Every structure is written in structure tokens, then in C-alpha cells.
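Asks: The structure that follows is given in the form of C-alpha cells.
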């Protein structure tokens, strides 16, 4: 089971539930809306620290996998921005819809969700640029990836 949290301005649970079921045969449970911790906002960057968001979500006391969707610009240390971040040890991931706009926003969100859950299941980044686990440096990279794992990554999680 994966517990899904969303920022108040998002209403994507049914979509996320279908992505999780279709890609992993896991059940998603709606945990409702969250408010981002004030400490996660970095006014110098005008962005939110994804690690601080993960820390806040991971602190929720359940042992299940957790996925948080936000619609703010997020970053990680030494990165200008990121689409998502996962902490497999804490079984928690965050995906931002902020930079995924466009006609195929749902496909992009879907790919980022699958990518971050892949990390939760122990996968690292893949060298195959068509694999869902390939690192996306741009939205174009996300668009060019397949929606699925390459054979090598699939073998590692089955």
C-alpha cells in the first residue's frame, strides 16, 4: 500500500491511484491534503526544499510507503530544480507538478510518480535513456522516456 498526500491546491488522487495500481499493482490510500512546512521554503531561491518536505511527510507515523504531490517549485542540494525526490530508507517520495505543465502533463506526472516509486523500491538511476528510471534533467527528457522500466530495472524489482 502507498499512502498519498497532496498539497491543498491539487486534486489528483484518483489519477495517482490508477497509476500506482497499473504500474505496481499496489493500492493507494488517500491521506488527504497537507500544508507544506514553512521551513521548507527558501526565500533566496524562491523554491521549496524537497528534503524538508520529505522529512515532514516521513514523520507521519505509519510504516507504509508515502507519496506526496505538490505544485510548487522544488529543489535538492546542488540542483537548480527537480521534478521529484525519494528517500527509500524512510519510504517517502515527493513529486512536483510545477514544471510539468503542457498538453501531456498527466503523462509527465505519471512518469515522475513511477520513477520516484521505483526509487522507493530500491532502484537507482538507469543509464538507458528510454527507461523510466533514467534521470530527467529537463521536461524533454521526461517526455522522451518510456512509461515503463527497462528489462534490467524490471528484473531488479520483480
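Laboratory data are not the source of any read-out in this text; all were calculated from the coordinates shown. Treat the numbers as computed from the prediction; the structure is a model and nothing was measured. We place every Cβ from the backbone using ideal geometry, glycine too, and count neighbours over all the protein chains shown.
Asks: Calculate the length of the line joining the C-alpha centroid of region 66-135 to that of region 6-40, in whole Å.
Replies: Comparing the Cα centres of region 66-135 and region 6-40, I get a distance of 13 Å.
Asks: So how do 96, 25, 39, 136 line up by other beta-carbon neighbours within 10 Å, fewest first? Please report the intermediate quantities before stating the final value.
Replies: Details: 96 26, 25 7, 39 12, 136 22.
Listing 96, 25, 39, 136 from fewest to most nearby Cβ atoms yields 25, 39, 136, 96.
Asks: Just check region 2-157 against the gyration tensor rule for me: Cα atoms, a ≥ b ≥ c as the square roots of the eigenvalues, rounded for a/c under 1.5, and otherwise prolate or oblate depending on whether a/b exceeds b/c. If you can, show how the numbers build up before the last one.
Replies: On the way: a/c = 1.45, a/b = 1.20, b/c = 1.21.
Rounded is the answer for region 2-157, as its axis ratio a/c remains below 1.5.
Asks: GNM, the chain, Cα, under 10 Å: largest mean-square fluctuation among 108, 90, 45?
Replies: 45
Asks: Checking the a/c ratio against 1.5 first, then a/b against b/c, what shape does the Cα gyration tensor give for region 95-158?
Replies: Details: a/c = 2.16, a/b = 1.72, b/c = 1.26.
Prolate is the answer for region 95-158, as a/c is 1.5 or above and a/b outweighs b/c.
Asks: Quick one: among 26, 123, 54, which has the greatest mean-square fluctuation in a GNM of the chain with alpha-carbon springs under 10 angstrom?
Replies: It is 26.
Asks: Nearest 5 percent is fine: what portion of the DSSP beta bridges confined to the chain is antiparallel? Before the final figure, lay out each step's value.
Replies: Numbers: 7 of 24 bridges.
Close to 30 percent.
Asks: Also, quick follow-up: In whole percent, what relative contact order does region 45-107 give with Cα contacts below 8 Å and a gap of six or more residues?
Replies: 35
Asks: Related question: Most fluctuating residue of 61, 21, 91 in a GNM of the chain with Cα springs under 10 Å: which is it?
Replies: Comparing 61, 21, 91 in the GNM, the peak value goes to 61.
Asks: Under the 0.36 nm per residue contour assumption, what length would be gained going from the current alpha-carbon distance of residue 101 and residue 156 to full extension? Show your work: numbers first, answer last.
Replies: Working: separation 55, 0.36 × 55 = 19.80 nm, distance 3.13 nm.
Contour length minus Cα-Cα distance gives 16.7 nm.
Asks: May I ask you to derive the relative contact order of the chain, considering only C-alpha pairs under 8 Å and at least 6 residues apart, and to give it as an integer percent?
Replies: Details: 278 pairs, mean separation 27.9, N = 158.
Answer for the chain is 18 percent.
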